[in-house]
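Only one structure is covered here, and it is reproduced in the block below.
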Amino acid sequence: MPQQLDRVLPLQGASNFRDLGGYPGRAGRELRWRRLFRSDHLGVLTDADKAVLAALGLTTTLDFRGEAERAAAAYELPGVTQHSLAIEPTVVQRMQGLADAGQPVTATAVTGLMKDLYRGLVNDQSHRFAEFFEHLLQARSPVVFHCTAGKDRTGFAAALVLLALGVPRDVVVRDYLLTNQVFRHPPSHGGAVPAEAMAVLWRVQEDFLAAALQAVDADHGGVERYLHRRLGLGPAALDALADQYLAAG
């Protein structure tokens, strides 16, 4: 059985490709290994990387990238069906808007934009996460879900599925923050945005995910109600999700 060291798969073209297996779920059942993966984009995988993914038996990718992001880094994997769950990026555009208006693009300002993004994922993109869970419930073989960096849209999706499977919130946060240890962001080419602001953009902070979960709690009455009322995951669906992604008890 794979161990903790195998959580991050050593691919050349994707640095944030991670197995969600082994985390403790409901009724003491752990998530199955080699069944559910999260990642940054798959548009620059090498042939060796593709061979690794083929050996995993992947047949489905769930892509949260927006239309332009998908076009800029398209990919094809033999035998793998891609599903677009497009959530258009907003933070870079809003950063540019601040700069165009002559306002300073500081680390504090970008932190605020990131928290707004996460609250927006909860309240404006619930239809995409409902689709996400529909695909997870239908899948009968390994699945990877991803966006561009695999940290924000993907990070919130990972938090939702882990919480739906009964993973403790502190473990969910730990998985979320693992991005900071493994993700290799593209090189900076300078420009008008200060390095400290870009550093916020390319990393995750516990406060970002906390903003989303606070919105879930405050606006929707908690995770269970959010999953049920906004994402369509009632008790029967949660049981089916557990049977698919948790090891036998």
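The values are calculated or read from the model by the stated rules, or taken from the named source; none is laboratory data. Since the model is a prediction, treat every value here as computed from it, not as a measurement. Neighbour counts are summed over all protein chains in view; Cβ atoms, including those assigned to glycine, are modelled from backbone coordinates with ideal geometry. These accessible areas exclude ligands, DNA and RNA; they are computed on the full protein's heavy atoms, side chains included. Shrake-Rupley method; radii C 1.70, N 1.55, O 1.52, S 1.80 Å.
Which helices (runs of 4 or more DSSP H) does the stretch 162-249 wholly contain that include 2 or more residues that are closer than 18 Å to Lys115 by Cα and of a type outside the set (Asp, Glu)?
Values: elements: 169-177, 179-182, 195-201, 206-220, 235-245.
Counting at least 2 such residues, we get 169-177, 179-182, 195-201, 206-220.
Is one or more of the residues making up the stretch 61-70 assigned to a loop (DSSP other than H, G, I, E, B) and at positive phi?
First, pick out the residues of the stretch 61-70 that are assigned to a loop (DSSP other than H, G, I, E, B): 64-66.
Checking the rest, the ones that are also at positive phi come to none.
Checking the stretch 61-70: not a single residue is assigned to a loop (DSSP other than H, G, I, E, B) and at positive phi.
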| message | Take the residues in the stretch 105-139 that are in contact (Cβ under 8 Å) with a residue 24 or more places away in the chain, farther than 24 Å from Glu67 by Cα and not aliphatic (A, V, I, L, M); name whichever of them is surrounded by the most Cβ atoms within 10 Å (Cβ to Cβ). | response | Thr111
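Check the stretch 167-179 and report whether any residue there is free of Cβ contacts under 8 Å to residues at least 12 places away in the same chain, open to solvent by 50 Å² or more (accessible area, probe 1.4 Å) and farther than 29 Å from Gln103 by Cβ. Step through it out loud before you land on a result.
As a first pass, look at the stretch 167-179 and keep what is free of Cβ contacts under 8 Å to residues at least 12 places away in the same chain: 170, 174.
From what's left, open to solvent by 50 Å² or more (accessible area, probe 1.4 Å): 170, 174.
Applying the additional criterion that residues be farther than 29 Å from Gln103 by Cβ yields 170, 174.
So far as the stretch 167-179 goes, yes, one or more of its residues are free of Cβ contacts under 8 Å to residues at least 12 places away in the same chain, open to solvent by 50 Å² or more (accessible area, probe 1.4 Å) and farther than 29 Å from Gln103 by Cβ.
Within the stretch 206-221, restricting attention to residues that are open to solvent by less than 60 Å² (accessible area, probe 1.4 Å) and either touching a helix residue (DSSP H, G or I) at 6+ places or on another chain (Cβ under 7 Å) or of a type in the set (S, T, N, Q) (or both), which residue is nearest to Thr154 (Cα to Cα)? Before the answer, list the steps.
First, the residues of the stretch 206-221 that are open to solvent by less than 60 Å² (accessible area, probe 1.4 Å): 208-213, 215-216, 220-221.
Then drop every residue that is not either touching a helix residue (DSSP H, G or I) at 6+ places or on another chain (Cβ under 7 Å) or of a type in the set (S, T, N, Q) (or both), which leaves 208-209, 211-212, 215-216, 220.
Values: Phe208: 13, Leu209: 11, Ala211: 15, Ala212: 13, Ala215: 17, Val216: 17, His220: 21 Å.
Per the stated criteria, the residue is Leu209.
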| remark: How many residues of the stretch 86-132 are assigned to a helix (DSSP H, G or I), hydroxyl-bearing (Ser, Thr, Tyr) and closer than 22 Å to His41 by Cα? The answer is 2
| request: Name every residue in the stretch 60-92 that is farther than 30 Å from Arg119 by Cβ, open to solvent by 50 Å² or more (accessible area, probe 1.4 Å) and β-branched (Val, Ile, Thr), in order of residue number. | output: Thr81
